[in-house]
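Chemist: There's a structure below that I have some questions on.
Laboratory data are not the source of any read-out in this text; all were calculated from the coordinates shown. Note that this is a predicted model, so its numbers are computed, not measured.
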């Protein structure tokens, strides 16, 4: 079952952000755009490259009103240790949520039950708490934060412009489409 256009489930988690432990709940993201960026585990291989790439785009996402949460089934203590020992992870400013109870991973249906780890998945949640975008990749396939930013821009555009849609490879400022009977078979 797809989670697209479904409401996120209530959650509570502790994370690490800029030198402090923080508690985050589903109520804290109400009214905001949010990205939940799940990954298998701290101190691994593809994960730090993805989290570092996302950190490089964090300021741009914040300017767009998007709060980023990376999530693994590690604890917030492990996130702190990783943040302090890796140059790549050390540049992260967004919240790194711990999910040792696997509540978030289960809520987003991204948990590998037999391993206790999250799959590599990205979810964009709109201000109403509805999932607008999701992407799940295999273990060895890293994600691209620039493409994620593009998709967030498209989702925000569509939300702000009812009746319009963004075609493939749409970039901010490019033409959109207004679906109608007149367009059927003409694209």
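Chemist: In nm, what is the difference between 0.36 nm times the number of residues separating residue 6 and residue 139 and their Cα-Cα distance? Each step should come with its number before you reach the end.
Modeler: Details: separation 133, 0.36 × 133 = 47.88 nm, distance 2.52 nm.
Result: 45.4 nm gained on full extension.
Chemist: Taking only Cα atoms, what is the 0 to 90° angle, nearest 10, from helix 145-160's long axis to the longest principal axis of the chain?
Modeler: Once rounded, the angle reads 50 degrees.
Chemist: Taking only C-alpha pairs under 8 Å that are 6+ residues apart, what is the relative contact order of the stretch 61-152 in percent?
Modeler: Details: 98 pairs, mean separation 19.0, N = 92.
The value is 21 percent.
Chemist: Roughly speaking, what is the centre-to-centre gap between the stretch 23-59 and the stretch 125-187 when only Cα atoms are used, to the nearest Å?
Modeler: 20
Chemist: What's the angle, to the nearest 10 degrees (0 to 90), between helix 46-63's Cα axis and the longest principal axis of the chain?
Modeler: 60
Chemist: If I fit a long axis through the Cα atoms of helix 76-85 and take the longest principal axis of the Cα atoms of the chain, what angle between them do I get, 0 to 90°, rounded to 10?
Modeler: Result, in degrees: 90.
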